[in-house]
Amino acid sequence: MTEYPNWFESTEAKSNFENMLAHYKGQPNLQFLQLGVYTGDASVWLMENILTDETSRLIDVDTWYGSDEEAHKEMDFSEIYKFYSDRVQPYGDRVTSVRSKTVDFLRYEPLEEYDFIYIDADHTATGVLLDAELSWDILKPGGIMAFDDYQWLSGKGANFDPAPGINSFLNRHSRKFRVLHQGWQVWIVKE
């Protein structure tokens with residue numbers, strides 16, 4: 001088996017998932033949406049620790065083609081997709097894998113309302129902003145939205161970093177949410 005970086009455990013992500021999503025544990029009929037999936041570390045954790053009721057579902061959306069980020073250049077994303085698929089296979093139809101650009105999924109797929117939306121796909125300012133704007137209306141009131149990599153820097157300038165896009169979204173919707181956490185990740189709850 002090839003070893004892949006586990007960014008879910010190597011950043012504050014896992015502890016934020018544990019702290020911010022604990023109240024959802026075992027609840028029925030939850031709908032979670034994850035934009036940007038990679039190897040499925042967060043997916044497996046969610047299925048084993050939060051979405052434990054048989055009626056709760058996770059939709060994972062990713063191209064599984066990677067990006068022009070330096071860390072992706074040496075990776076074989078067809079192998080990563082297979083690795084991910086093997087990991088979520090035990091959860092059957094409770095995990096839906098959608099191989100698509102997140103923007104295409106959010107614009108054209110049948111829309112449901114979600115209890116939790118995790119944004120960790122396109123890391124450009126524009127990409128993050130589009131994912132957030134297109135997700136906002138399908139997040140239930142009281143639902144949680146989380147952004148990963150808020151402090152990540154591409155080295156290519158602000159247009160290639162997530163923070164300006166996240167900040168733009170937060171400024172545009174400032175009276176419509178409450179901040180739960182801001183650090184490497186930003187977590188908000190929709191009012």
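For the range 45-156, compute Rg over Rh where Rg is the Cα radius of gyration and Rh is the Kirkwood radius from the inverse mean 1/r over Cα pairs.
Rg divided by Rh gives 0.96.
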Checklist entry - Amide H to amide H under 5 Å from Leu180: which residues, 5+ apart in sequence or cross-chain, H placed 1.01 Å off N in plane? => result Trp187, Ile188, Val189
Checklist outcome for this item: Under the 7 Å Cα-to-Cβ spin-label approximation, Ile138 and Lys82 lie apart by a distance in nanometres of 3.0 nm
Checklist outcome for this item: Phi-derived 3J(HN,Hα) across the range 9-15 with the Karplus relation (6.51, -1.76, 1.60, θ = phi - 60°), rounded Hz, x for Gly and Pro, is 8, 8, 10, 7, 3, 4, 5
Checklist entry - Points 7 angstrom from Cα along the Cβ direction at Glu109 and Glu18: gap in nanometres? => result 2.9 nm
Next on the checklist: Report the Cα-based extents of the chain along its three principal axes, largest first, to the nearest Å.
Outcome noted: 41, 40, 33
Item to check | CD proxy at 222 nm, helix term only [per DSSP H run n ≥ 4: -39500 (n - 2.57); per residue of the chain; nearest 500] | outcome: -9500 deg cm²/dmol
Checklist outcome for this item: Placing +1 on each Lys and Arg Cβ and -1 on each Asp and Glu Cβ in the chain, then taking the dipole about the Cα centre, the residue among Asn6, Ser154, Leu130 whose Cα reaches farthest towards the positive end is Leu130
Item to check | FRET efficiency estimate (nearest 0.05) - Cβ-Cβ, Thr126 to Arg94, R0 25 angstrom | outcome: 0.15
Checklist entry - Suppose R0 equals 25 Å; then what is the FRET efficiency for Ser168 and Asp53 from their Cβ-Cβ distance, rounded to the nearest 0.05? => result 0.10
Item to check | the range 123-191-the range 72-91 distance, computed between alpha-carbon centres (Å) | outcome: 26 Å
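Using the C-alpha gyration tensor of the range 88-144, what are the square roots of 5 times its eigenvalues, in whole angstrom, with the largest one first? Mind showing how you got there, number by number?
Numbers: eigenvalues 77, 47, 25 Å².
Its equivalent ellipsoid spans semi-axes of 20, 15, 11 Å.
Where a number appears in this text, it was derived from the coordinates with a stated rule and is not lab data. Only a predicted model underlies this, so the values are computations on that prediction, with no experimental measurement involved. Please note: Cβ atoms are built from the backbone with ideal geometry, for glycine as well, and neighbour counts cover all protein chains shown.
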